[in-house]
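Okay, so here's the structure we're looking at.
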Amino acid sequence: MPSSAAVDSPWFRRFNPSDSAPARVVIFPHAGGSASYYLEYANALAPYADVLTVQYPGRQNRFLEQPISSVAGLADELYRELQDWTDRPLTFFGHSMGSAVAFETVRRFERDEVKGPERLLVSAGRAPSLTRDSSVHKLPDDELLAEVVSLGGTDERILTVDGLRELVLPALRADYTAIETYGCTPDATVSVPITGLVGDADPNATVEQVAQWERHTTGDFDLQVFPGGHFYLADRTEEVVRALTAHLPG
């Protein structure tokens, strides 16, 4: 395995590299999200862990690449990429769509009996076996953008700025296709402990829906509820970082 400091991958942004940190946190963004959205989290976690923030293809520095429109496809790629980063204990944190991608990536590590993450934190994401009855990915461009902006976490300028819409739409539609067509069986489990995090007023992933992640681990499960909606984490950095670092070594 190469030294983690020598690994260069377009799949990760490493805003505060730390080759001496005792642990590593991997952040999996939401649908339509990019690595830079989690810069504040990467900065806050820097004293405790080396942070890899996932950059899905089709956005920012990867906008010329073809987006991937399935959770399985994203997880397959990330599983391969992350095998170069297992020199320190791993913790996965996924928000919204990122929770499903993180879960499926853990499943691939465990399927192949490869050393992987020691804990999974899932934020604002329904339990993976729950039926998704939304079809945002099929909406016309204007309606798709308006729906995404209404949840928060997305810059409203994409509705009005010339050229910006065209840049973000392919990745956005691919991400929503990925999460809205994703599903797994009720008996799909991982052995790592899972922590669920959710806003108490989230219309897309309710407290009850996030609580059902307990069915998908044979390890421990705990649930933490915060004030706020789908992007509660934008205003709760300190509390979410505390939840993350509570399980880190060192």
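The values are calculated or read from the model by the stated rules, or taken from the named source; none is laboratory data. Quantities reported herein were computed from a predicted structural model and do not represent experimental measurements. When we count neighbours, we look across all protein chains shown, and the Cβ atoms used for this are built from the backbone with ideal geometry, even at glycine. Protein only, heavy atoms only, side chains kept; ligands, DNA and RNA dropped before computing areas. Shrake-Rupley method; radii C 1.70, N 1.55, O 1.52, S 1.80 Å.
At-a-glance table
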read-out: Amide H within-cut-off set for PHE12, under 5 Å, with H built and near neighbours excluded; value: GLN55
read-out: Per-residue SASA entry for ASP87, accessible area with 1.4 Å probe, Å² rounded to 10; value: 70 Å²
read-out: Accessible area of ARG107 in the full protein assembly, 1.4 Å probe (Å², nearest 10); value: 80 Å²
read-out: Among SER150, SER135, LEU82 - extreme Cα towards positive end, dipole of the chain, charges at beta-carbon; value: LEU82
read-out: Computed helical MRE - 222 nm, the chain, DSSP H runs ≥ 4 contributing -39500 (n - 2.57), nearest 500; value: -9000 deg cm²/dmol
read-out: Candidates ALA49, ALA234, ALA102, ranked by Gaussian network fluctuation over the chain, Cα under 10 Å, top entry; value: ALA234
read-out: Proximal charge balance of VAL25 [Cβ under 12 Å; K/R count +1, D/E count -1]; value: +2
read-out: Local electrostatic count at HIS230 - Lys and Arg +1, Asp and Glu -1, tallied over other residues with Cβ under 13 Å; value: -2
read-out: GNM result for the chain, Cα springs below 10 Å: residue of ALA171, ALA23, ALA146 fluctuating most strongly; value: ALA146
read-out: Fraction of antiparallel bridges per DSSP, the chain only, in percent to nearest 5; value: 5 percent
read-out: Sum of side-chain charges, ASP200 neighbourhood, beta-carbon under 15 Å (Lys, Arg +1; Asp, Glu -1); value: -3
read-out: Contour excess over end-to-end distance, with Cα ends at GLU143 and ALA201 and 0.36 nm allotted per residue; value: 18.6 nm
read-out: Residue among PHE226, PHE103, PHE28 with the largest mean-square fluctuation in a Gaussian network model of the chain, springs linking Cα atoms under 10 Å; value: PHE226
read-out: Dimensions in Å of the stretch 9-143 - Rg and Dmax from alpha carbons; value: 14.8, 48
read-out: Largest to smallest accessible area among GLU110, GLU166 [probe 1.4 Å]; value: GLU166, GLU110
read-out: q = 0.10, 0.11, 0.16, 0.17 Å⁻¹: log10 I(q)/I(0) that the Debye formula gives for the chain, counting C-alpha atoms only; value: -0.43, -0.53, -1.20, -1.38
read-out: Net charge dipole size for the chain [Lys, Arg +1 and Asp, Glu -1 on Cβ; Debye, nearest 20]; value: 360 debye
read-out: Derived scalar couplings ³J(HN,Hα) [the stretch 74-83; Karplus, 6.51 cos²θ - 1.76 cosθ + 1.60; whole Hz; x for Gly, Pro]; value: 5, 5, 4, 5, 5, 4, 5, 5, 6, 5
